[in-house]
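Scroll down for the structure; my scribbles are underneath it.
What follows draws every value from the coordinates through simple rules; no lab data is involved. Keep in mind it's a predicted model, so treat the numbers as computed, not measured. Using ideal geometry, Cβ is built from the backbone for each residue, glycine included, and neighbour counts are taken over all protein chains shown.
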Amino acid sequence: MAMDVAAAQQGAAKKKGKGKLIVIVAVAMLAGGVGAKFTVLSSGKAGTPKPVPTPTPTPGPVIDLGDLTINLAEPSRYALVGLAVELGKTADPATITSQMPLLKDAGVRKLNGMPAATLLSQAGQDEVRAELTDQAQQIFGKDKIVRVLLTEVVVQ
């Protein structure tokens, strides 16, 4: 009889051990599921990291480059495009101004032969700004040029 009591106690201990194991596994799975929800699913698309914004230079003074008269793709169509450059805080306006013909040349190359409809559209103007900003940052440095502005667009 004493043997039966000892065997019963040992069986109960084994059942308690299995119960603890089941509870621990369930808690671990729950914690893993919650962690997965916050890391994977909160980004909007599973497995895609959120883009890290690139720091932009602190804006400084704006230099007006004047107007460019451009021949468009259509015969007898012209455009008058005004350009300006927003400098970064580290840029020296005198040095940049003396080298602006390089950027004007890039503007002429980009705009010459462009269709009038493209130049008049918002998407076309955004493309011109982006490409000229990229060109200016390649010429002068990313910390010197914040962006290129279109101050005027007139198409005849």
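Lys pairs in the stretch 72-155, Cα-Cα under 18 Å, at least 8 apart or on separate chains: how many? Don't jump to the answer; show the numbers that get you there.
Working: K89/K142; K89/K144; K104/K142; K104/K144.
Number of lysine pairs found: 4.
Can you list residues whose amide H is under 5 Å from T151's amide H, if they're 5+ apart or on another chain and H is modeled 1.01 Å from N?
For T151, whose amide H was placed from the backbone, the distant partners under 5 Å are G82, L83, A84.
Roughly how many nanometres apart are two label points built 7 Å out from the Cα toward the Cβ at T69 and S98?
Once both label points are built, they end up 3.0 nm from each other.
Find the Rg to Rh ratio for the stretch 57-156, where Rh is the Kirkwood radius over alpha-carbon pairs and Rg uses the same atoms.
The Rg/Rh ratio comes out at 0.99.
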